[in-house]
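*Asks:* This is the structure I want to talk about, given as structure tokens.
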Amino acid sequence: MTETKSEPGNSNAMWGGRFAAGPDAIMEAINASIGYDRRMAAQDIAGSRAHAAMLAAQGIITDSDSNAIREGLLTVLSEIEAGTFQYSAALEDIHMNVESRLKQIIGEPAGRLHTGRSRNDQVATDFRLWVRDQIDAAIEGCIALQKAFLAQAQEGADWVMPGFTHLQTAQPVTWGHHMLAYVEMLGRDVSRFRDARARMNECPLGAAALAGTSFPIDREMTAQALGFDRPCANSLDAVADRDFALDFLSASAICAMHLSRFAEELVIWSSAQFRFVALSDRFTTGSSIMPQKKNPDAAELIRAKIGRILGAQVALFMVMKGLPLAYSKDMQEDKEQVFDAADSLMLSLAAMTGMVTDMSANRDVLEAAAGSGFSTATDLADWLVRTLNMPFRDAHHVTGTLVALAESKGCDLPDLSLDDMQGVHGAITENVFTVLGVHNSVASRACYGGTAPAQVLAQVARWKAIL
Ligand code: ARG
């Protein structure tokens, strides 16, 4: 990183007309945002190029000045991309760094770029464009992860595993069904990101400092050039609004919460006690002291990332709450944590996609676990209702007695003899054993959205068509 600091006594070249002295070094340090808002350089240059084109189209500046500005901005962009750009803390932020360099390159016409514009509408536009790019990346990341879960679901549509409530064995479910639960969650995440995108896609440019401008600008033209649906309708709101970043952080936090839940499952499932899945070498690490270890670090880190993302949202709420209209410098504190949250989310999505793609289920272990813990007790109760026309509450009681009996004998429900069963209820027949197997159990749950392999395959087909 190349930085230059201002010389004491030199007032700011961009706004220093009324200043005799330059800022104190500490003032410069607290004021400068160039250390992080340089991440919006491409958006800043795109916004300025659209603005310059519009100024010429409206006859506010000449075509030759507009061309010089737009060409010069491309040169600045190439310097930034090449890493040769000299950032200056004295120039505060990305907006003034770019404009100042433009002046060095093209001279006088650079001074006409800021006509009918302020850094307030400029930063609001840049930040929206940046967040919009992140929303698009998040949608892409969610869909990639959905596809990874979907591939697992299709392969293991009829593999059985224990379903849990309270992390206690509840009823057998299919592997495919469990994978599809995450496809649903991520589908809602995608829809939240799309909602946020549609809501934020209005252009602040032309709001100028806060009140609009007296120049005959064409706000439709700049909005369209930057891919916005329309210009923001109120100039005060346009420069004061950061809802779009809060929307993005909300959707991100919910998505990160979903990722943390599967991360937690992976941590549990990959343990020696569970052995439900094997994670690949690519997404695990070893221990420097215990040679046998294969740690699910990526899953653990993903489990933790929601803290940063939610923290970013709380921080931005605190920045924005109680701010009088329109712009206040507090709002410069809006960006850094949004950048960090976006980085955390994208990395989590990518790492989770890698883990899900690579992981292999231990089918035998899953199947053995599916049948343990009296997981088909509900099937037995349902059989009593269906076959003996018993009220469900009575069937529940009879089944509970059978579970207690199996527990006292140290066996599972299917291991009880017919004599044992009839000792508890005389009308039970041999036929009961057909529902005590885990495959029969899952196959019987064939209602819409149920865990039956046929339902899983129907949902896989539905999602394949959507994705
Ligand atoms: N760096 C500033 C920010 O991020 C740009 C806007 C400055 N506006 C102002 N009126 N000083 O908020």
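*Asks:* Could you list, in sequence order, the residues of segment 318-335 that are within 11 Å of the ligand (Cβ to nearest atom) and either assigned to a helix (DSSP H, G or I) or in contact with a strand residue (DSSP E or B) (Cβ under 6 Å, 6 or more places away or on another chain) (or both)?
*Replies:* Taking segment 318-335 and keeping what is within 11 Å of the ligand (Cβ to nearest atom), we get 319, 326-335.
Selection gives 319, 329, 330, 331, 332, 333, 334, 335.
*Asks:* Filter segment 118-130 down to the residues that are among the hydrophobic types (A, V, I, L, M, F, W, C) and surrounded by 24 or more Cβ atoms within 10 Å (Cβ to Cβ), then identify the one that is farthest from residue 467 (Cα to Cα). Show your work before the answer.
*Replies:* To start, the set of residues in segment 118-130 that are among the hydrophobic types (A, V, I, L, M, F, W, C) comprises 123-124, 127, 129-130.
Now narrow it down to the ones that are surrounded by 24 or more Cβ atoms within 10 Å (Cβ to Cβ): 123-124.
Details: 123: 35, 124: 33 Å.
Here the answer is 123.
*Asks:* Quick one: would you say residue 164 is away from the ligand (no atom under 16 Å from the Cβ) and closer than 30 Å to residue 99 by Cα?
*Replies:* On the way: away from the ligand (no atom under 16 Å from the Cβ): yes; closer than 30 Å to residue 99 by Cα: no.
It is false that residue 164 is away from the ligand (no atom under 16 Å from the Cβ) and closer than 30 Å to residue 99 by Cα.
*Asks:* Of the residues 238, 245, 315, which single one is of a type outside the set (D, E, K, R), without any contact (Cβ under 8 Å) to a residue 24 or more places away in the chain, part of a helix (DSSP H, G or I) and within 16 Å of the ligand (Cβ to nearest atom)? Quick ask: steps written out before the conclusion?
*Replies:* Details: 238 fails: without any contact (Cβ under 8 Å) to a residue 24 or more places away in the chain; 245 fails: without any contact (Cβ under 8 Å) to a residue 24 or more places away in the chain.
Exactly one of 238, 245, 315 is of a type outside the set (D, E, K, R), without any contact (Cβ under 8 Å) to a residue 24 or more places away in the chain, part of a helix (DSSP H, G or I) and within 16 Å of the ligand (Cβ to nearest atom), namely 315.
*Asks:* Confirm whether residue 350 is part of a helix (DSSP H, G or I) and either out of contact with any Asp or Glu (no Cβ under 8 Å at 6 or more places or on another chain) or modelled with pLDDT of 95 or more (or both).
*Replies:* Details: part of a helix (DSSP H, G or I): yes; either out of contact with any Asp or Glu (no Cβ under 8 Å at 6 or more places or on another chain) or modelled with pLDDT of 95 or more (or both): yes.
Criteria met by residue 350.
*Asks:* Here's another thing I want to ask about it. Identify all residues within segment 8-37 that are at pLDDT below 85 and closer than 23 Å to residue 84 by Cβ; write none if there are none.
*Replies:* Selection gives 13, 14.
*Asks:* Examine segment 134-151 for a residue that is over 24 Å from residue 336 (Cβ atoms), in contact with a Lys or Arg (Cβ under 8 Å, 6 or more places away or on another chain) and surrounded by fewer than 21 Cβ atoms within 10 Å (Cβ to Cβ), and state whether such a residue exists.
*Replies:* Looking for residues that are over 24 Å from residue 336 (Cβ atoms), in contact with a Lys or Arg (Cβ under 8 Å, 6 or more places away or on another chain) and surrounded by fewer than 21 Cβ atoms within 10 Å (Cβ to Cβ), one finds none in segment 134-151, hence no.
*Asks:* Closer than 15 Å to residue 38 by Cβ and at pLDDT 95 or above, is that true of residue 88?
*Replies:* Details: closer than 15 Å to residue 38 by Cβ: yes; at pLDDT 95 or above: yes.
Spelling it out, residue 88 is indeed closer than 15 Å to residue 38 by Cβ and at pLDDT 95 or above.
*Asks:* Of all residues in segment 37-69 being acidic (Asp, Glu) and under 39 Å from the mean Cα position of the chain (by Cα), which is nearest to the ligand (Cβ to nearest atom)?
*Replies:* Applying the filter and picking the extreme gives 37.
*Asks:* Where the second residue is basic (Lys, Arg) and the first is away from the ligand (no atom under 12 Å from the Cβ) and lies in segment 10-36, which pairs have Cβ atoms under 9 Å and are six or more apart or on separate chains?
*Replies:* These pairs meet every condition: 11/18; 13/103; 25/5; 28/5.
Yes/no matrix, rows are residues, columns are (1) small (Gly, Ala, Ser); (2) within 16 Å of the ligand (Cβ to nearest atom); (3) surrounded by 14 or more Cβ atoms within 10 Å (Cβ to Cβ); (4) farther than 30 Å from residue 282 by Cα:
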residue	(1), (2), (3), (4)
337	no, yes, yes, no
381	yes, no, yes, yes
394	no, no, yes, yes
415	no, no, no, yes
426	yes, no, no, yes
430	no, no, no, yes
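*Asks:* Moving on. When you check residue 374 against the structure, is it within 16 Å of the ligand (Cβ to nearest atom) and surrounded by 15 or more Cβ atoms within 10 Å (Cβ to Cβ), yes or no?
*Replies:* Working: within 16 Å of the ligand (Cβ to nearest atom): no; surrounded by 15 or more Cβ atoms within 10 Å (Cβ to Cβ): yes.
When the stated conditions are applied, residue 374 does not pass them.
*Asks:* Also, I was wondering about something else. Identify all residues within segment 370-425 that are in a helix (DSSP H, G or I) and of a type in the set (Val, Ile, Thr); write none if there are none.
*Replies:* Answer for segment 370-425, where residues must be in a helix (DSSP H, G or I) and of a type in the set (Val, Ile, Thr): 378, 385, 387, 398, 399, 401, 403, 424.
*Asks:* Can you go through 214, 270 and tell me which one is out of contact with any helix residue (DSSP H, G or I) (no Cβ under 9 Å at 6 or more places or on another chain) and either surrounded by 23 or more Cβ atoms within 10 Å (Cβ to Cβ) or of a type in the set (Ser, Thr, Tyr) (or both)? Can you show your working first?
*Replies:* Numbers: 270 fails: out of contact with any helix residue (DSSP H, G or I) (no Cβ under 9 Å at 6 or more places or on another chain).
Only one candidate passes the filter, namely 214.
*Asks:* Something else about it: Just the residues that are without any contact (Cβ under 8 Å) to a residue 24 or more places away in the chain and part of a helix (DSSP H, G or I), please, taken from segment 426-462.
*Replies:* 430, 433, 434, 443, 454, 458, 461, 462
*Asks:* Oh, and also: Which ones in segment 76-132 are away from the ligand (no atom under 13 Å from the Cβ) and closer than 25 Å to residue 247 by Cα? Break it down into steps so the answer makes sense when it comes.
*Replies:* So in segment 76-132, the residues away from the ligand (no atom under 13 Å from the Cβ) come out as 76-88, 90, 100-113, 115-116, 129, 131-132.
Across segment 76-132, the qualifying residues are 129, 131, 132.
*Asks:* So, one more: Considering each residue of segment 189-211, count those that are buried (at least 22 other Cβ atoms within 10 Å of the Cβ), more than 16 Å from the ligand (Cβ to nearest atom) and not hydrophobic (A, V, I, L, M, F, W, C), and give that number.
*Replies:* Of the residues in segment 189-211, 1 are buried (at least 22 other Cβ atoms within 10 Å of the Cβ), more than 16 Å from the ligand (Cβ to nearest atom) and not hydrophobic (A, V, I, L, M, F, W, C).
*Asks:* Which pairs turn up if I take residues in segment 53-79 that are surrounded by fewer than 18 Cβ atoms within 10 Å (Cβ to Cβ) and look for partners that are in a helix (DSSP H, G or I) and of a type in the set (Val, Ile, Thr) with beta carbon separation below 6 Å, at least 6 apart in sequence or on another chain?
*Replies:* Close Cβ pairs (under 6 Å, with a partner that is in a helix (DSSP H, G or I) and of a type in the set (Val, Ile, Thr)) amount to 75/105.
The values are calculated or read from the model by the stated rules, or taken from the named source; none is laboratory data. Model, not experiment: these values are computed from the prediction. Note: ideal-geometry Cβ built from the backbone for every residue, glycine included; neighbour counts use all protein chains shown.
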